[in-house]
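Just below is one structure, and these are the notes that go with it.
The values are calculated or read from the model by the stated rules, or taken from the named source; none is laboratory data. From a predicted model like this one, the values you see are computed outputs, not experimental measurements. Note that we place each Cβ from the backbone using ideal geometry, even for glycine, and neighbour counts take in every protein chain shown.
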Amino acid sequence: MTPPHGLRDSTECERGELLPPGYRVRDWTVTGVIGAGGWSTVYAARPAEGPPDRGSRDPAVRSAGPADVALKVMPTAGYAPRQARRIVESARREVELGRRAGHPRLIGLLDSFVLAAPDRPFLDGALVLVMERAAGSLRELLDAGVAEADRPRLIAGICEGLAHLHRSGWVHADLKPENVLLATDRSVKLSDFGLATEMTGTHGYAPPLGTLDYLPPERWRAPLGELGVQVRPSADIWALGIVVHEVFASGASPFPGATPVARGAAVQEYGEGRAPLRMDHAVPEFWRALAADCLAPTHAARAPHTAESLLARIAAERGAADQGARGTRAGRLRSRARAAVLATAFCAMAGGTLWSDAARAISSAPPGATSAGVAAIRVFNEETGCRERLDRDPQCSLGLAVDPLRQYTADNVVPTRVWHGDVLSADCQLSQGSSVIDEASRRSTRWFHVRLPRGSTTPTAWLPAVRTKDRPALPGCPHPTTVR
């Protein structure tokens, strides 16, 4: 079996000329090679001595920046035009995500520039990303052995990073132990966003690249279009399931095979229902169940298990373990401990079903009815296939905006989703918001300010008028910054 569409395993290394220790790159001096993979090499570096380089864009980065950084050098010389474009696009993704989606669980991007190295033709014109320096990677930790007490914390950290990425409208698309870095304080930092894809709605498109051992079953047969292959957050959840198994099974994959391609064949057999999922007995019961949910064979089966809901389950399990340890203390603490565990467990169970349950309780009034300045309006999806579905397929979900005056894109959508037929409570309307065009080319600048169910990340949001057939008589909204 061969990888789909000539898919390149991103663990392959195409090494060109390496920068020697002591070589100056803008305001940094190379101290050694950290690693190489794909079309880049990562170097350790420290601030250079002497005056700032003439090409420095921000001297403050040099004077106030960290003592040590990582330089990701991506040469473009010597490659075919298509390959060079992919390298440039990969760097653009990393820069874009680094600037727009910063988070403590994502490796920080400090600067980016083009390397001028006329003395080294292969590296002249290379793209350079200046990033936070990590102490090591999860892969290195797996090779050395992960302490049992550290395992839940590491998985929780990965979930935190993924949850932020997905909320921000991005898919990592290459999650693996090599791309999970560990800071000096042992905190988790997701890295290498060269394949990260910004979603438009429920999915995005990426080039046919990736790491074979972490591809979900559907990825092996995904059609390749002009924009690339379709990727969704559920692909990251699959990769997370593989990582969970590796952390608790001494680095072993749950799928048999001596090579990545052989293990990929086993993944497809499982995805087609021709083989069961077999996990190592070393994986504890709780983590076995969580990994099994991450490794559900189809996108539809994995979709309910979001990074946020998985994080809630992990928090509940860790809370229960802590409560068990404290159970030997004074009896007066026991009832309080049980209450905390139950509350946390309830949040975990609610994570995957909160919206489907709460949507039924948003409003019992018929669409268009008003009461005390509040109207019930029904969500409408222009896509016929989605109107006929009853299973609340994530691909048929619709987004509610944070700000009706901003462009209606993935970074302006609240985490709570809605589906065709859901009834929402609206309290006012904005007539001159951002223009929205639906699938039938209907255009409108009208927005409804709607209330979200209790427990949602935000209490209110905005529904574009093209997402409903109802036109209730509602008062005009004040400026959106004053509506909460």
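A few points about this structure:
- When restricted to residues that are over 17 Å from V95 (Cβ atoms) and outside any helix (DSSP H, G or I), segment 113-148 contains 17.
- Any hit, segment 162-180, residues being among the β-branched types (V, I, T) and surrounded by 20 or more Cβ atoms within 10 Å (Cβ to Cβ): yes
- Of the residues making up segment 283-307, those that are hydroxyl-bearing (S, T, Y) and farther than 16 Å from A163 by Cα number 1.
- Remark: pairs (first residue in segment 110-125, assigned by TED's automatic domain parsing to the domain that holds R24; second residue assigned to a loop (DSSP other than H, G, I, E, B) and hydroxyl-bearing (S, T, Y); Cβ separation under 7 Å; 6+ apart in sequence or on different chains) = G125/T76.
Table: residues versus (1) closer than 19 Å to P415 by Cβ; (2) within 21 Å of the chain's Cα centre (by Cα); (3) aromatic (F, W, Y).
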| residue | (1), (2), (3) |
| --- | --- |
| A135 | no, no, no |
| L142 | no, no, no |
| R153 | no, yes, no |
| E160 | yes, yes, no |
| H166 | yes, yes, no |
| V171 | yes, yes, no |
| K176 | no, yes, no |
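- Residues in segment 470-484 that are modelled with pLDDT under 85 and not hydroxyl-bearing (S, T, Y): P478, H479, P480, V483, R484.
- Breaking point among (1) assigned to a loop (DSSP other than H, G, I, E, B); (2) modelled with pLDDT of 80 or more, for E439: (2)
- Qualifying residues in segment 373-396 (those that are part of a loop (DSSP other than H, G, I, E, B) and modelled with pLDDT of 85 or more) - the one nearest to the chain's Cα centre (by Cα): N381
- The residue list V436, V413, V418, V402 contains one member that is outside the structural domain of P304 (by TED's automatic domain parsing), within 21 Å of R100 (Cβ to Cβ), aliphatic (A, V, I, L, M) and in contact with a helix residue (DSSP H, G or I) (Cβ under 8 Å, 6 or more places away or on another chain), which is V402.
- Any chance S456 is surrounded by fewer than 18 Cβ atoms within 10 Å (Cβ to Cβ) and either touching a residue at least 12 places away in the same chain (Cβ under 8 Å) or more than 24 Å from G385 (Cα to Cα) (or both): yes
- Residue ID - surrounded by the fewest Cβ atoms within 10 Å (Cβ to Cβ), chosen from residues in segment 92-144 that are among the small types (G, A, S) and within 15 Å of W170 (Cα to Cα): G102
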